[in-house]
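The values are calculated or read from the model by the stated rules, or taken from the named source; none is laboratory data. Values in this document were obtained by computation on a predicted structure and should not be read as measured data. Neighbour counts run over all protein chains shown; Cβ positions are idealised from the backbone, glycine included. Remember, those area values only see protein heavy atoms, side chains included, never the ligands or the DNA or RNA. Shrake-Rupley method; radii C 1.70, N 1.55, O 1.52, S 1.80 Å.
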Amino acid sequence: MNIFVCVKQVPDTETKITPTGDGSFIETASIKWIMNPYDEFAVEQALLIKQANPAANVTVVRVGSKKDTEALIPALAMGADEAALVEAGDNLDSYSIAKALKGAIEKTGKKPDIILAGKQAIDDDCLQVPQILAEMLGLPSVSVIVGFEMNGAAVKVKREVEGGALEVYEVSTPVVLACNKGLNTPRYPSLPGLMKAKKKPMATYSLSDVGVSEADRRVKYSGFRLPPEKPAGKKFDATDAAKQKDVVGQVVGLLRTEAKVI
Amino acid sequence: MDFSLSAEQREIRELALKFAKNEMIPHAQEYDEHGKFPTEIFKKAWELGLINACIPAEYGGAGFSAIDGVIIGEALAYGCMGMNTSFMANDLALLPIVIGGSDEQKKRFLTPFTQEFKIASFCLTEPGNGSDAGGIKTQIKDGGDHWIVNGEKMWITNAGYADLFVVYGTIDPNLKHKGISAVVVDPKTPGIEIGKKEDKMGHRSSDTRGIRFNNVKVPKENMLGKPGDGWNIAMSTLDHSRPLVASSALGGAQRAMDLSVHYAKERNQFGVPLAKHQAIQFMIAEMGMKIEAARLLVYKSAWLCDQGIRNTEIASYAKAFASDSCMQITTDAVQIYGGYGYSKEYPVEKLMRDAKLIQIYEGTSQIQRLVMAREILK
Ligand SMILES: Cc1cc2nc3c(=O)[nH]c(=O)nc-3n(C[C@H](O)[C@H](O)[C@H](O)COP(=O)(O)OP(=O)(O)OC[C@H]3O[C@@H](n4cnc5c(N)ncnc54)[C@H](O)[C@@H]3O)c2cc1C
Ligand SMILES: Cc1cc2nc3c(=O)[nH]c(=O)nc-3n(C[C@H](O)[C@H](O)[C@H](O)COP(=O)(O)OP(=O)(O)OC[C@H]3O[C@@H](n4cnc5c(N)ncnc54)[C@H](O)[C@@H]3O)c2cc1C
């Protein structure tokens, strides 16, 4: 059984985001990069499947720039067998990323049985790479999964829908699954695992190696800006009963002229 | 000269910090308040390979360098200085075996620590001898086919939970330093009485007790080196362990600084964030400066260890500077938090209590200065 896990490297949740001077992207130089937290559930699920099927092979795939600390390494340290990195800029659109992932998976020569990904990347929050990838590969996909069971080639997954209800799907492999928090508890990479990770195979490709070019871009970013700062709230002192009428008048006036809500 | 960590060291640090943030910080306050020993967290850290960094690869360890060890130590102390004292005590106890043990002893004592979660204690200090470790009175007598240990130890970390003790004693008090010897003792041996847990100011989750040895029989093959080798083993152990203890002060100081920076940006007084007041800025600048300098000393003292170059002087600089800085930085963190800093609802008062111990154990800040002066003036 061949399991693939798509991993993205995203800015740490505590990062202060600054757009570049020309607004074409964000400053990446001083960012601390982490594995996208939802992808950790995907890696863990792959390893749980491998535990139940010792012959299974787990390959982690990432598209993006080379980083100071490589997110594929912790995935290997957790127990994945091999890794592939498609070197690319960090501002690719979802379509190009999906196409690059497809290309990298095909490069391995292994026919995928299960492809796992996080339900979304916490940087651009696009929530569509797994679905585009599934479409490109002609495979079924289920997203936001919080439960997974496997019986031979049949997979039963639970997905969360609005209001806390669960939908249950039975799908046949090969399948693309996008994982949500609650699916499992990701293990930590261990230090001995980290040492072993260094010796595991890691393939590196360029975008052209995997058949992706600028022409594949469907979304062009035209400007990154920080949201406007919220102005400080206004306080009105209405403790003095005699002034209350006056204060109410001021508030109503401002709601009309400034906030324009009434 | 290259000041950067290797990719592998950066990954080790990330992993250890992730553990500290997810598994230690959320529980630190509770364990402190109830003086609860962190068995589960300790075990989990062991499973991830964060404990016993000093065990060489030949005996089943990961084969970390001293620099790797201080990187891990700093990260775990960032999580909780108190829990880290218990974790670190394993290294302090196993180092004399790494340094002074025979190949057979290393296999017998170190390898089990890599196969199973085990806890160790380093037993040097006595009620009447702390700084003056050369004057210890615990007796190790030749009983024919075994050693007989009699005496009392004090302030022994992990004593109530340990699977192994390394005990320092003397074969003859008249020999002074030359009589000091070290033996590995099974804590379950008859004649060992373990005292009650000390109720401490800080590091309350770590377990600290006195131990009494009443005619305790220890196998002959458990002595590290020859009778009288103990002092040299203890001194080389300190050269390795002081960078590690210094790294724990560094981790605590870094946490105090990160909290202070965060709080100073959030809290407004006089219509602006505290961070806009120059008096606060200066305290934060001082924190950054001291931490950077301490880190350079800690790394250098560990690096010298890895190069096999005598580091006694630099290791004392590192231990004293990092622990004194940690005390100052955690005190200033409480100051920056104002009244809130004085409350147990906020994390900085614990840091201030925890910082104090690092100026005391593994050689007080005064003893470090004695060592420095001796090295400089010799
Ligand atoms: C929580 C805790 C955990 C510990 N864990 C361990 C452990 O696991 N194993 C272990 O063996 N020990 C342990 N210790 C003991 C620790 O190492 C000693 O407390 C320390 O060495 C100081 O010794 P003392 O307490 O006897 O103080 P003293 O030696 O009595 O010192 C008192 C004061 O006098 C100063 N002083 C002493 N001599 C001189 C001098 N010549 N010149 C100038 N000033 C001097 C000291 O700096 C100190 O300020 C622990 C202690 C504590 C509090
Ligand atoms: C145990 C306890 C008992 C108390 N009892 C009483 C009581 O009985 N009655 C009562 O009214 N109050 C009481 N207080 C409140 C106490 O007076 C305040 O905590 C103190 O005035 C500091 O205010 P703060 O805690 O809001 O800190 P903040 O004002 O937020 O100050 C935080 C830090 O910023 C610094 N800072 C603030 N402004 C500036 C500036 N402009 N320039 C430079 N630095 C600045 C402060 O020095 C401090 O280091 C008590 C507090 C405690 C902890």
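Some points to look at:
- Residue match in the range B:30-51 (condition: assigned to a loop (DSSP other than H, G, I, E, B), assigned by TED's automatic domain parsing to the domain that holds B:Leu15 and under 16 Å from B:His240 (Cα atoms)): yes
- Residue in the range B:350-361 that is within 11 Å of ligand 2 (Cβ to nearest atom) and away from chain A (no Cβ under 14 Å) present: no
- Condition check for A:Ile114: open to solvent by less than 20 Å² (accessible area, probe 1.4 Å) and more than 15 Å from the chain's Cα centre (by Cα): yes
- So A:Phe4, is it more than 24 Å from A:Val212 (Cα to Cα) and buried (at least 24 other Cβ atoms within 10 Å of the Cβ): no
- Hey, A:Glu149 part of a strand (DSSP E or B), open to solvent by 20 Å² or more (accessible area, probe 1.4 Å) and of a type in the set (Asp, Glu) or not: yes
- When each of B:Ala320, B:Ala256, B:Ala302 is tested for being modelled with pLDDT of 95 or more, over 18 Å from B:Gln359 (Cβ atoms) and open to solvent by less than 30 Å² (accessible area, probe 1.4 Å), the lone residue that passes is B:Ala302.
- The residue that is nearest to the other protein chains (Cβ to nearest Cβ), among those in the range A:57-79 that are more than 22 Å from B:Ser6 (Cα to Cα) and of a type in the set (S, T, N, Q), is A:Thr59.
Yes/no matrix, rows are residues, columns are (1) touching a Phe, Trp or Tyr at 6+ places or on another chain (Cβ under 6 Å); (2) crowded, with 23+ Cβ neighbours inside 10 Å; (3) within 14 Å of another protein chain (Cβ to nearest Cβ):
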residue	(1), (2), (3)
B:Gln9	no, no, yes
B:Lys18	no, no, yes
B:Tyr31	no, no, no
B:Lys44	no, no, yes
B:Ala57	no, no, yes
B:Gly60	no, no, yes
B:Val70	no, yes, no
B:Asn90	no, yes, no
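- Of the listed requirements (1) assigned to a loop (DSSP other than H, G, I, E, B); (2) at negative phi; (3) not basic (Lys, Arg), B:Ile99 misses just one: (1).
- Complete set of residues in the range B:113-141 that are more than 12 Å from ligand 1 (Cβ to nearest atom) and under 21 Å from the mean Cα position of the chain (by Cα): B:Phe113, B:Thr114, B:Phe117, B:Lys118
- Residue count for the range B:106-120, restricted to those that are open to solvent by less than 10 Å² (accessible area, probe 1.4 Å) and assigned to a helix (DSSP H, G or I): 1
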